[in-house]
Amino acid sequence: MAAASDAPEAAEHADRLAARLGCPRIEANAVPEEAWCLQTGDRLTLFPPAASKLPSLQPDFLRGPMGHRLRRGRHAAPMLARACAVNAGAPPSVLDLTAGLGRDGMLLAAIGCRVTLVERHPLVALLLEDALARAARELDWVPQRVRLIPADALDCELQPAEVVYLDPMFPPRGKQALVKKEMQLFHRLVGHDEDADALFERGRQLALKRLVVKRPRKAPPLAGMRPSGRIEGKTTRYDLYPAT
Ligand SMILES: C[S@@+](CC[C@H](N)C(=O)[O-])C[C@H]1O[C@@H](n2cnc3c(N)ncnc32)[C@H](O)[C@@H]1O
C-alpha cells in the first residue's frame with residue numbers, strides 16, 4: 001500500500017493520508033507494480049496493483065450513475081425504500097453498519113432518512129469520507145443527514161436507530177467472470193466479512209423498529225435466522241426482522 005500525489009499541491013494531503021494509514025508516501029510515477037495506491041488530487045482514487053487489470057475506484061455522488069440515481073429519489077431504489085419503511089413524511093433514522101462505498105446509505109439519505117454510516121475498512125472509509133465531503137459542497141442535505149463513523153461496528157459505541165441496515169460481503173459464487181470488475185476489486189480489497197453473523201446480533205440490539213439485511217437472492221439468511229418478511233428482486237433480496 002502507498003499514498004501518492006499527482007501534483008505538488010496534493011503532496012501535503014498525501015503526507016497526511018500516509019501517516020493515517022501507516023504506509024509510505026511516494027510520487028505517482030514511482031508506484032511499484034504490485035502495490036495498492038491511494039492517489040490524492042481533486043479527489044481520492046484507489047488504484048489496484050497494475051497486474052490485476054482491475055479499474056481504479058473513485059466513488060462520486062454528484063456525477064455518473066450514482067449522481068443520476070440520487071437525483072431520481074425514491075424511484076431509484078424502490079425496493080430499498082420499501083425494505084426500510086421509508087414512508088412519505090416520516091423517513092426513519094437509519095444505521096448502516098456496512099457502509100462500503102455508501103451507495104445504499106446515500107440513496108436512503110436522498111429520500112429523507114438521517115443516516116449514520118459505519119465502515120471499518122480504512123481505505124474504503126477514506127474514499128467514502130472524500131466522496132461525502134465533495135457531495136456536501138453541492139448538496140445541502142448531505143451534511144444535514146449523513147454522518148460517517150470509520151470504525152468496526154462490532155467494536156464501537158453506536159446509538160440505536162429506527163432501522164438498522166446490513167449488507168455484508170458475500171463470497172462470490174459460480175459466475176465469477178460475470179461479476180462486475182468493480183465488485184471484483186472490492187472483494188479483493190475487503191474480503192468476505194466472515195464475521196457477518198455477529199453483526200446480525202449487533203444489528204438486532206441497535207434496531208428500534210426493524211433490521212434489514214440485503215442478501216444475494218439465493219443466499220441463505222444471515223446467521224441462519226429466518227426473516228419475518230422478504231422483498232425480492234431479480235438478483236437481490238431484503239430480509240426483514242422486527243425489533244426485539
Ligand atoms: C457489500 S459492502 C456494502 C456496500 C454498501 N451497501 C453500498 O451500497 O455501497 C460491505 C461493507 O461492509 C463493511 N463491513 C463489514 N463488516 C463491518 C463491520 N463489522 N463494521 C463496519 N463495517 C463493516 C466492509 O468493510 C464492506 O466495506
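The values are calculated or read from the model by the stated rules, or taken from the named source; none is laboratory data. What you see is a predicted model, and the numbers here were worked out from it, not measured in a lab. When we count neighbours, we look across all protein chains shown, and the Cβ atoms used for this are built from the backbone with ideal geometry, even at glycine. SASA here: full protein model, heavy atoms, side chains in, ligands and nucleic acids out. Shrake-Rupley method; radii C 1.70, N 1.55, O 1.52, S 1.80 Å.
Which of the lysines could a cross-linker bridge to residue 234, judged by Cα under 24 Å and excluding same-chain residues fewer than eight apart?
175, 180, 181, 214, 218
Post the alpha-carbon centroid distance, the range 133-174 to the range 180-244, in whole angstrom.
Their Cα centres are 14 Å away from one another.
Can you compute the FRET efficiency between residue 140 and residue 21 using 1/(1 + (r/R0)^6), with r the Cβ-Cβ distance and R0 = 45 Å? Round to the nearest 0.05.
It comes to 0.90.
In debye to the nearest 20, how big a dipole does the chain give about its Cα centre with +1 on each Lys and Arg Cβ and -1 on each Asp and Glu Cβ?
The calculated dipole for the chain is roughly 1480 debye.
Please list, in order along the range 223-240, the HN-Hα scalar couplings obtained from phi with the Karplus expression 6.51 cos²θ - 1.76 cosθ + 1.60 (θ = phi - 60°), rounded to whole Hz, x for Gly and Pro.
Working through the residues one at a time gives 6, x, 8, 6, x, 8, x, 9, 10, 10, x, 5, 10, 10, 9, 10, 8, 10 Hz.
So with the 1.4 Å probe, I'd like the accessible area per residue for the range 64-242, rounded to whole Å².
50
Roughly speaking, what is the stretch gain from residue 209 to residue 11, that is 0.36 nm per residue apart minus the C-alpha to C-alpha distance, in nm to one decimal?
The residue 209-residue 11 span can extend by a further 66.7 nm.
When you count, for each residue, the other Cβ atoms within 10 Å and take the mean per peptide, how do 187-195, 69-77 rank with the highest first?
69-77, 187-195
Write down the Kirkwood hydrodynamic radius of the range 1-136, to one decimal in angstroms, obtained as one divided by the mean of 1/r over all alpha carbon pairs.
One over the average 1/r among Cα pairs gives 16.2 Å for the range 1-136.
What nm value, rounded to one decimal, do you get for the distance between residue 154 and residue 219 when each label is placed 7 Å out toward the C-beta?
In this crude label model, residue 154 to residue 219 measures out at 1.5 nm.
If each residue of separation counts as 0.36 nm, what is the full-extension length gain between residue 230 and residue 170 once their alpha-carbon separation is subtracted?
Fully extending the segment from residue 230 to residue 170 adds 19.8 nm.
Tell me, what ³J(HN,Hα) does each residue in the range 120-135 have, in order and in whole Hz, if you take phi through Karplus 6.51 cos²θ - 1.76 cosθ + 1.60 with θ = phi - 60° and put x for Gly and Pro?
9, 6, x, 6, 5, 4, 5, 4, 5, 4, 5, 5, 5, 4, 5, 5
What do you get for the angle between helix 11-21 and the principal long axis of the chain? Use alpha-carbon atoms, 0 to 90 degrees, nearest ten.
Helix 11-21 sits roughly 50 degrees off the main axis of the chain.
Per the Kirkwood treatment, what hydrodynamic radius in Å, one decimal, follows for the range 2-42 from the mean inverse distance over all distinct Cα pairs?
9.8
With each run of n ≥ 4 DSSP H residues scored as -39500 (n - 2.57), what mean residue ellipticity at 222 nm is computed for the chain after dividing by its residue count and rounding to the nearest 500 deg cm²/dmol?
-9000 deg cm²/dmol, from helical runs alone.
So for the chain, what are the equivalent ellipsoid semi-axes in whole Å, largest first, each being the square root of 5 times an eigenvalue of the Cα gyration tensor?
31, 20, 17
Carbon-plus-sulfur fraction of the accessible area of the range 64-242, 1.4 Å probe, in percent?
With neighbouring chains kept in place, the figure for the range 64-242 is 50 percent.
Separation of the range 98-128 and the range 1-44 by C-alpha centroid, Å?
23
Give me the distance in nm between label points sitting 7 Å out from Cα along the Cα-to-Cβ direction at residue 63 and residue 30, one decimal.
Distance between the two pseudo-spin positions: 3.0 nm.
Counting alpha carbon pairs within less than 8 Å and at least 6 residues apart, what relative contact order, in whole percent, applies to the chain?
14
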